[in-house]
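What follows is calculated from the coordinates using simple rules that are stated; it is not laboratory data. Bear in mind the structure is a predicted one, so any value in this text is a computation, not a measurement. All Cβ positions, even for glycine, are placed from backbone atoms using ideal geometry, and neighbour counts span all protein chains on display.
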Amino acid sequence: MRIITFGTYDVFHVGHVNILERARAKGDYLIVGVSSDALNMSKKGRNPIYSQDDRIHILKSLRCVDEVFVEESLELKEQYLIDHKADMLVMGDDWEGKFDHLKHICDVVYLPRTPSISTTETIEIVKNLP
Ligand code: CTP
């Protein structure tokens, strides 16, 4: 069973590991689409702290991740699922319902986010340290 998931994974944290491990446990091969620097800029209105090459490097080093590719455009989701022969798309439940239109290609599953941690919040905390 081939699982696919997407995200930026900037300033890598435990919420990221948790969802990747849970996604991998749904099958036996995990493919991660990492937002390019340009896509992150258009999605979140800021450049990532870590470059796309470094974010890819970190993800590739994880035992639960089998393959990593760069997600260049949100419009290409359907194509990415087909190209990577995905059986299941896993996303955090901050995306609940947003990918249901892809259910004709593969299963779509939303997993609960790890509470109390996010990249944006971490950046804000560090910025505001005295
Ligand atoms: N994620 C999670 N639990 C968290 C944070 C993220 O399960 N506490 C999941 C998201 O649901 C997504 C994946 O990790 O499936 C990548 O999310 P990403 O947007 O890169 O991380 P965030 O920490 O949510 O980043 P930001 O604060 O910039 O939105």
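Compute the length gained on full extension between residue 74 and residue 114: take 0.36 nm times their separation in residues and subtract their Cα-Cα distance, giving the result in nm to one decimal. Kindly include the intermediate steps, with their values, before the conclusion.
Details: separation 40, 0.36 × 40 = 14.40 nm, distance 2.36 nm.
Result for the pair: 12.0 nm of gain on full extension.
Note on region 59-130 and region 2-26: Cα centroid distance 7 Å, given to the nearest whole angstrom. Taking the square roots of five times each eigenvalue of the Cα gyration tensor of the chain, the equivalent ellipsoid has semi-axes of 24, 16, 15 Å, listed largest first.
Here the dipole of region 30-130 is about 280 debye; that uses its Cα centre as origin and unit charges on the Cβ of Lys and Arg (positive) and Asp and Glu (negative).
The stretch between residue 87 and residue 25 holds 21.0 nm of extra length on full extension. This uses 0.36 nm per residue minus the Cα-Cα distance.
Less than 5 angstrom separates the built amide H of residue 68 from those of 32, all sequence-distant by 5 or more or on a different chain.
Among the trypsin sites (Lys or Arg not before Pro) within region 1-85, those in coil by DSSP and having at most 11 neighbouring Cβ atoms inside 10 Å are 46, 63, 85. In this rough spin-label picture, where each label sits 7 Å from Cα along the Cβ direction, the residue 47-residue 126 distance is 1.5 nm.
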